[in-house]
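J.: Mind having a look at this structure? Questions to follow.
The values are calculated or read from the model by the stated rules, or taken from the named source; none is laboratory data. What you are looking at is a predicted structure, and each value in this text was computed from that prediction instead of being measured. With ideal geometry, Cβ positions are generated from the backbone for all residues, glycine too; neighbour counts draw on all protein chains shown.
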Amino acid sequence: MDVEQREQLEAATQALLAAFDIYAPPVPVETMLQNPPPGMWNNVDINQLSGTFLVLKDQYSPRMSLARLLGRHVASSEWGAARGLYEIIIGNEDNLRIFARMLVMPRDMIQSLTPATRNAIAISDEFEVPEEDAQTRLDELLG
């Protein structure tokens with residue numbers, strides 16, 4: 001993914017969270033899937049998801065599975081297509097994973113952390129994400 005595409009995804013993340021009035025962690029991915037603003041996408045019944053869909057390596061792994069599902073819904077929606085997300089995300093699992101990390105660990109929220117809490121362990125607790133994903137997101141932001 002090039003820098004321009006990464007910035008497109010970061011901007012879309014900010015706009016999406018603003019549309020949902022989300023300004024602090026943890027980002028409520030379940031609520032976002034179930035209660036999208038009118039015209040964004042059809043709501044998702046989380047109870048209908050099979051257990052095999054959710055990855056269970058870590059206590060927060062299911063949130064990352066839901067974040068990827070949210071990423072697919074956003075990219076496939078008219079809202080996402082209008083922002084060029086469909087071309088970047090659909091059919092590219094690596095880009096979807098990057099976008100999912102952006103959705104649950106938005107850049108501005110990470111940057112607002114104190115230096116002492118800007119580490120994988122603290123981010124994992126604050127954002128309710130696996131430590132591995134928190135470290136990857138930090139690496140992406142520093143990259």
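J.: Pull up region 1-16, narrow it to residues that are part of a helix (DSSP H, G or I) and without any contact (Cβ under 8 Å) to a residue 60 or more places away in the chain, then point me to the one that is nearest to the chain's Cα centre (by Cα).
T.: 7
J.: Please work out if residue 125 is assigned to a helix (DSSP H, G or I), under 13 Å from the mean Cα position of the chain (by Cα) and within 17 Å of residue 26 (Cβ to Cβ).
T.: In short, no.
J.: Among the candidates 29, 55, single out the residue that is under 20 Å from residue 131 (Cα atoms), aliphatic (A, V, I, L, M) and at pLDDT 95 or above.
T.: So the residue among 29, 55 that is under 20 Å from residue 131 (Cα atoms), aliphatic (A, V, I, L, M) and at pLDDT 95 or above is 29.
J.: Determine the pairs where a residue that is free of Cβ contacts under 8 Å to residues at least 24 places away in the same chain and under 13 Å from residue 73 (Cα atoms), located within region 23-39, has a partner that is small (Gly, Ala, Ser) and in a helix (DSSP H, G or I) with Cβ atoms under 7 Å apart, the partner being 6 or more residues away or on another chain.
T.: Filtered contacts from region 23-39: 37/19.
J.: Take residue 42 and tell me if it is surrounded by fewer than 15 Cβ atoms within 10 Å (Cβ to Cβ), more than 24 Å from residue 3 (Cβ to Cβ) and at pLDDT below 95.
T.: yes
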